[in-house]
1. For segment 379-425, what ratio Rg/Rh do Cα atoms give with a Kirkwood hydrodynamic radius?
2. With no solvent and one point per C-alpha, what does the Debye sum give as log10 I(q)/I(0) for segment 1-147 at q = 0.09, 0.11, 0.13 Å⁻¹?
3. For the chain, take the longest principal axis of its alpha carbons; what is the angle in degrees between that and the long axis of helix 97-112, to the nearest 10 within 0 to 90?
4. How do the peptides 417-423, 335-341 rank, highest first, by the average count of neighbouring beta carbon atoms within 10 Å per residue?
5. At 222 nm, what helix-only mean residue ellipticity would the chain give, in deg cm²/dmol to the nearest 500, using -39500 (n - 2.57) for each DSSP H run of four or more?
6. Once amide H atoms are built 1.01 Å from N in the peptide plane, which residues 5 or more positions from Asn428, or in another chain, come under 5 Å H to H?
7. Considering the Cα trace of segment 236-388, what is its radius of gyration and what is Dmax, both in angstroms?
8. Report, please, the projected area of segment 425-475 averaged over directions, based on the convex hull of its C-alpha atoms, in nm².
Amino acid sequence: MNFNMIINGEPVATANTFPVINPATEEIIYNCPAASQEHLDAAVTAANAAFISWSQVPDSDRQRIVHELADVIESNMEFLARLITLEQGKALQGMGSMFEVGGSVAWTHATASLEILVEVIEESEKHRIELHRRPLGVVGSITPWNFPLMIAVWHIMPALRAGNTVVIKPSAFTPLSTLKMIELMNGILPPGVLNVITGEADMGRAMTIHPGISKIVFTGSTSTGKEIMSNAAPTLKRLTLELGGNDAAVILPDVNPKDVAEGIFQAAFVNSGQTCAALKRLYVHEDIYESMCTALVEESSKFKVGNGLDDGVLYGPIQNKAQFERVCDLALDAKLAGGRFLTGGTPMSGPGYFFPLTLVADVSDGVRLVDEEQFGPILPIIAYTDIDDAIARANSSANGLGGSVWSADEKLAKELACKLECGTVWVNTHAQIQPNMPFGGVKDSGFGVEFGQQGLDEYLSFQSVFINKLSGDSA
Ligand code: NAD
């Protein structure tokens with residue numbers, strides 16, 4: 001099987017390549033073409049040329065075409081899911097790669113169905129004021145390695161739906177599923193509307209300074225997000241930055257641990273913890289602390305970690321070596337800080353970047369595992385006495401992506417949840433996202449939202465139209 005960049009509707013191979021590694025075996029899956037500045041320039045030129053006609057396509061036609069993109073993803077679901085498991089590591093089953101492709105289909109249909117609204121702000125005898133929405137031009141999309149296909153869809157679909165054209169660069173760790181999806185979508189879209197180039201940080205950086213790109217949508221780490229913002233300043237690009245999170249969940253003493261253990265566990269370990277809005281710090285009231293620990297250990301015993309292609313495996317390896325080593329370091333540091341390892345804690349024997357599902361009790365704020373985003377299958381469980389103090393500790397993070405409060409008293413839980421400084425708060429659940437609910441971060445988790453009507457607006461600029469009625473008639 002060949003994997004190519006797609007520029008102006010044409011497959012492009014290169015002499016320069018970089019290896020894509022299967023994290024479950026550490027074997028090279030494919031030597032992927034590596035873009036040069038010339039490839040990026042060609043993709044941006046093609047996207048700008050295609051914008052002239054794509055932005056003029058009647059809205060209902062664009063809606064229909066985006067629905068067709070969902071259909072082509074759906075009819076290649078198993079093929080794409082397998083590619084995701086090979087390059088990303090997550091299990092095919094459960095909340096793994098089949099789920100990711102299914103979500104991509106659902107999100108694409110939902111985005112296709114959104115309307116590009118013209119609002120009437122004022123209608124009087126003298127004036128009519130309308131608010132129109134216009135596409136921006138070329139959108140540059142830069143994606144991470146944790147949900148390679150789904151996050152690409154989250155960037156591409158609203159951009160196209162709004163009438164923009166796109167140049168996307170997937171993470172060099174996981175480019176293959178994106179390359180195939182873009183190839184399939186180019187069977188439907190006019191040439192140049194959707195282009196894909198490959199490469200590492202340098203190529204992402206080149207996109208952020210490129211004068212032919214109007215907006216960057218980026219999902220990835222906070223440090224990269226900050227660099228992007230600075231690099232995008234000279235060309236005054238619009239930005240949506242979906243960055244890291246260190247989400248806290250606060251469990252009130254009226255909760256029965258057995259009732260919530262499954263939900264908490266899933267929210268913390270989804271995609272082996274490599275999820276931006278996963279539950280990453282668990283604050284549990286001292287009255288139920290030990291029983292919550294026991295219930296989570298019980299939950300964790302139900303699952304097997306292994307090669308995501310194998311039957312019965314629901315949790316795969318960590319996606320890459322650097323991240324694996326980071327998780328090992330955090331575990332060691334927590335051990336030295338007196339952490340009580342209820343499960344896991346030491347890397348599994350290789351090959352593959354396997355780390356067991358790990359629950360760490362008796363750690364608190366000030367330990368790296370609590371203070372830093374772990375982005376792996378290891379959850380700190382922190383005891384608290386006073387609820388206001390727990391909320392304050394939850395807010396003491398630089399990040400502000402998501403947070404949750406769990407209680408039998410939903411009214412109280414909502415009141416407390418609304419005190420959390422983050423873009424999304426949940427009550428009695430966590431990390432639950434859906435296409436009609438805007439999602440984004442505050443503080444170091446970035447700005448701008450994705451999904452829903454507000455997410456679509458991130459790909460449009462407002463044009464106010466003020467009509468002075470000379471005749472007194474409506475325009
Ligand atoms: P990363 O920032 O290292 O890389 C993300 C992408 O940016 C890659 O395509 C990479 O090649 C590119 N890149 C790297 N340096 C760049 C630069 N200077 N300029 C432009 N592009 C550059 O992130 P990652 O390690 O791939 O992803 C993990 C991080 O992403 C975690 O912190 C996680 O929380 C975050 N994340 C956030 C969300 C969200 O929606 N908030 C979703 C998924 C992941």
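No value in this document is a laboratory result; all are computed from the given coordinates. This structure is a prediction, so every number in the text was calculated from the model and none was measured. Here Cβ is always computed from backbone atoms with ideal geometry, including for glycine, and neighbour counts include all displayed protein chains.
1. The Rg/Rh ratio comes out at 0.94.
2. So the normalised log intensities work out to -0.44, -0.63, -0.83.
3. That works out to roughly 40 degrees.
4. 417-423, 335-341
5. Taking each H run of at least 4 residues, the total per residue is -11500 deg cm²/dmol.
6. Those qualifying (amide H under 5 Å, at least 5 residues apart or on another chain) are Val405, Trp406, Ser407.
7. 15.6, 53
8. Averaged projected area of segment 425-475's Cα convex hull equals 6.3 nm².
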